[in-house]
1. Going through the stretch A:389-416 one residue at a time, which ones are closer than 14 Å to A:R329 by Cβ, crowded, with 23+ Cβ neighbours inside 10 Å and of a type outside the set (S, T, Y)?
2. Which ones in the stretch A:425-447 are out of contact with any helix residue (DSSP H, G or I) (no Cβ under 8 Å at 6 or more places or on another chain) and crowded, with 22+ Cβ neighbours inside 10 Å?
3. Given the conditions (1) in contact (Cβ under 8 Å) with a residue 60 or more places away in the chain; (2) in contact with a helix residue (DSSP H, G or I) (Cβ under 7 Å, 6 or more places away or on another chain); (3) aliphatic (A, V, I, L, M), and given that A:A391 satisfies all but one, which numbered condition is not satisfied?
4. For the stretch A:257-277, name all the residues that are aliphatic (A, V, I, L, M) and surrounded by 24 or more Cβ atoms within 10 Å (Cβ to Cβ).
5. In the stretch A:115-128, is there at least one residue being within 7 Å of chain B (Cβ to nearest Cβ), in contact (Cβ under 8 Å) with a residue 24 or more places away in the chain and open to solvent by less than 50 Å² (accessible area, probe 1.4 Å)?
6. Only one of A:T77, A:T145 is open to solvent by less than 40 Å² (accessible area, probe 1.4 Å) and in a strand (DSSP E or B); which?
7. Which ones in the stretch A:307-331 are assigned to a helix (DSSP H, G or I) and open to solvent by less than 20 Å² (accessible area, probe 1.4 Å)?
8. Considering only the stretch A:355-378, state which residues are farther than 20 Å from A:V425 by Cβ, in a helix (DSSP H, G or I) and open to solvent by 50 Å² or more (accessible area, probe 1.4 Å).
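The values are calculated or read from the model by the stated rules, or taken from the named source; none is laboratory data. Note that this is a predicted model, so its numbers are computed, not measured. Virtual Cβ from ideal backbone geometry, glycine too; neighbours counted across all protein chains shown. Side chains are part of the model used for accessible areas, which takes the heavy atoms of the whole protein and leaves out ligands, DNA and RNA. Shrake-Rupley method; radii C 1.70, N 1.55, O 1.52, S 1.80 Å.
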Protein chains: 2
Amino acid sequence: MSEKIISETKMGEHIINESWMDQSQQWIPKLHEQTVYPEQIVRSMSDSHAFQGWRMETIGPASVLPKQTLCKGDEITLDFSQHLVGYVTLSLLNVRSNADAPLRLKLTFGEMPCEVSEDFSTYEGWLSRSWLQDEVLNVDVLPGTVTLNRRYAFRYLKIEVLDTSIRYDIQIKDIYCRAVTSASMDAVPPLPENIDEELAQLDLVSIRTLRDCMQTVFEDGPKRDRRLWIGDLRLQALVNYETFGCNDLVKRCLYLFAGSRLEGGQVGACLYEKPEPYVDDIYLYDYALFFITTLWDYYEATKDRETLEVLWPVAREQIDIALKRLDARGVVQDDETWYCFLDWHEQLNKQAGAQAILIYGMKRGQWIARELGLSAQEEQIQMQVQQAERATLHYLWDEEQGFFISGEERQVSWASQVWMILAEVVDKDAAWALLQRLMNHKEAIPMNTPYMMHHYVESLLQCGKKEEALAQIRAYWGGMVKDGADTFWELYNPDDKTYSPYGSNLINSYCHAWSCTPSYFIRRIFASTAC
Amino acid sequence: MSEKIISETKMGEHIINESWMDQSQQWIPKLHEQTVYPEQIVRSMSDSHAFQGWRMETIGPASVLPKQTLCKGDEITLDFSQHLVGYVTLSLLNVRSNADAPLRLKLTFGEMPCEVSEDFSTYEGWLSRSWLQDEVLNVDVLPGTVTLNRRYAFRYLKIEVLDTSIRYDIQIKDIYCRAVTSASMDAVPPLPENIDEELAQLDLVSIRTLRDCMQTVFEDGPKRDRRLWIGDLRLQALVNYETFGCNDLVKRCLYLFAGSRLEGGQVGACLYEKPEPYVDDIYLYDYALFFITTLWDYYEATKDRETLEVLWPVAREQIDIALKRLDARGVVQDDETWYCFLDWHEQLNKQAGAQAILIYGMKRGQWIARELGLSAQEEQIQMQVQQAERATLHYLWDEEQGFFISGEERQVSWASQVWMILAEVVDKDAAWALLQRLMNHKEAIPMNTPYMMHHYVESLLQCGKKEEALAQIRAYWGGMVKDGADTFWELYNPDDKTYSPYGSNLINSYCHAWSCTPSYFIRRIFASTAC
């Protein structure tokens, strides 16, 4: 289909569509700003019963801060009482005498207590330590007001006074965060009255999560990676349609993914926004197919037919690219590399999940072709879907076990079953029976992320099991709230609360887009029905 | 005389003359900017024969830097080949792959090799460690260009790559310093031809020292304290008249000292320029008297009679204040506090030096009164001078030893003898005999700073000993140049090259105003005579 995409150029191996990149810039949203002050002075306490071993104890209201004198060696932790993304300003006053030497502070920003409690020098994860948010700040002029250049994602701010001089101490006369987001809380429709308090709370935390990830693109997490990932975008967009309605931001992101593609036209897994938007080298089988899904969802929400028409060739191209990975049997070729995401789990085999997402994506491609009246394409995709489904049932369904299996090792995982259900490879009743068997299969590779949990909830709804879906939301996302979440987390394993695929929970993102979907379920599915 | 100073207000115990403070702002000079690039990549080598134990070895030209890949854990030291004061910009490029995490660099700026060679965490001096110039720089966007906010004083810049990510390394595509000064090298008159190469070199280093200290005030040192001290100002002004001729900057500083005084009208020892100019709490007996001297020198250089008239009441006030410290005998009351500077030496007793500077200052006050036709005042000061001289010869001259003595302990020091000579308490011949005796007095408290050395050279000239004065300049300041000085240092003890009054040579200032006077001597005294 690439002949329909006009005026693209190759940059190295990448394909750049200047026109789409240019267009995407006109939909850069204006950021809303809000000044937020700390509410409490807190102290972090080691507590084996607390989430990740840290409990925050309130020392007093932050209103006493301006009168508090801090000397060399002192530290203080401020609690802004909510997760924020923004720019921090401090007004500093020298006391006792003149500031005859620079002031040297260490600032540590934490989304969670662990970040302001544990020593970053102990960090041994494999993601860069540079994601941990701390700064050494040298201030030459006192009294003075300093605004830090960088944006931070945080609720807690620990301030350590590294150096003053023998002549002076300091007071923090004012400190605030200029919080930024492209989402407007005013735009969110009120929840229907049938929603109970617990769900209202989950909805609020979801909305705040999405709010803090919505900047000039949909970021995956404002602390880390601060980047546009298509897996996150897809879910953020779904929640956005029900809440903030910033639909041009979804359009902007779709144009960015379409306008900056990898070798052969692949939609990349993620994009960097600065210094100029460009696609990362990472291609993920499932993520590229989600371009189709996200485009379809966008059309459903907006009826923006022009975008659907313009971007359809890129969506269709993803199907063609994905089909090339099928082996002679019509099954996705498995391998050891990181070719497909699905979920964070070291043992998880991706083959069956990839196959399911191929079918899932092609079905939505078929719907787009039908909507655009492209009947030849529609028929072709339908045929491709049928072939893929037949191969799936023939090669990836283990009749004896009653599970979809994946890879050489014939692995049974939650991810494989859930995605086969979402791809509608089995009918509703068979799907529910499958899930029930799965719940009793103790060796099945479990789920590890809110992202995968979202799809599990979707699969329950697919089976018509609204109550079970709701119970799962209450249990899982409700568990995070009980564990202290102001915004929902990138990772949450109730059985291993320090779980991190990166080797340290310090580096986990605690405001993560793919975790914000309770609002979608609550508002779209449950709002109209008594729960 | 304070009745002549109109419209002053008390701020706490300080006296503010708003009109003078306002006027001083109109003489804020424009800063000249020059872009300077590093010349060499160097490596610091431990070497017991090198100054302070460190030798810089050239690895290669800095022109290869843009092609050099730096990985996590790498470090590189750049040599800008001259002392600079300014703002540093780095253009950074990620290589190997995209910068999927922030870059974390540590930058350490050094005036001298020791600063980029020794670990600042070992610093144990009593001045704040915050004067040591290092920064942890987190860079979110690569490729990117970053300009650091703070001004640094340095020749060497060590860059340590603390963190990249597993995907990328970096290259420094460009790095430069936007050097700033209010002095223009173009304004400096050429040296007469009779000046030899060694003196020409001392002149150049002096001029560069003064250049880097000349910002929007005459700073003592651009690394530390970055402040206007009157002891430094007095000597800087003398060199400035012979070189840059930025006379309005001297006027600005005089108005600042006059416009912001301490309790009872004392001229403070130093001023802070920001956030708004204000006087520090420190009163030093000698420094306050140097207000008179500096005003007289300014008038001699500029013939600006208006400033002389306007500021004379403040100068006169300093005499009155200083005289109040005399005891019934007419001698400065000694005590243990830091009431007078003279020189950095723990054992140095200040009484005799203070007495000498009182006389020295009063004599210049007398000249001003004469110049302004204030004969009553002139006569009064003359009487005060005579009384002080009589008391000095009676109580502070030890006829048996043939030295001026100071304090209860009847201490003999170089500082006391030198200042008595400069105050002309003894005549030329007696002065020279005194100095000769002093050279053979092994127990006399020695000199420790270029500031004191300047006065010693002045005292030799006072004795008519031009050759000896010149030999001293060649030996002392020439010694610094042989030891690697690009700009002259705050402290230099040829017998103890790591000497620091602050507990660590790391914190010493290596571009220090009070050390820049060889140019004054060379241009004013020696230029016209064969040396």
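1. Result: A:L396, single match.
2. Correct list: empty.
3. Among (1) in contact (Cβ under 8 Å) with a residue 60 or more places away in the chain; (2) in contact with a helix residue (DSSP H, G or I) (Cβ under 7 Å, 6 or more places away or on another chain); (3) aliphatic (A, V, I, L, M), the lone unmet condition for A:A391 is (2).
4. To start, the set of residues in the stretch A:257-277 that are aliphatic (A, V, I, L, M) comprises A:258, A:262, A:267, A:269, A:271.
A:A258, A:V267, A:A269, listed by residue number.
5. Taking every residue of the stretch A:115-128 in turn, at least one turns out to be within 7 Å of chain B (Cβ to nearest Cβ), in contact (Cβ under 8 Å) with a residue 24 or more places away in the chain and open to solvent by less than 50 Å² (accessible area, probe 1.4 Å).
6. A:T77
7. Looking only at the stretch A:307-331, we keep the residues that are assigned to a helix (DSSP H, G or I), and these are A:307-323.
A:T307, A:L308, A:L311, A:W312, A:P313, A:V314, A:A315, A:R316, A:E317, A:Q318, A:I319, A:A322 - these are the residues of the stretch A:307-331 that are assigned to a helix (DSSP H, G or I) and open to solvent by less than 20 Å² (accessible area, probe 1.4 Å).
8. A:R370, A:E371, A:S375, A:A376
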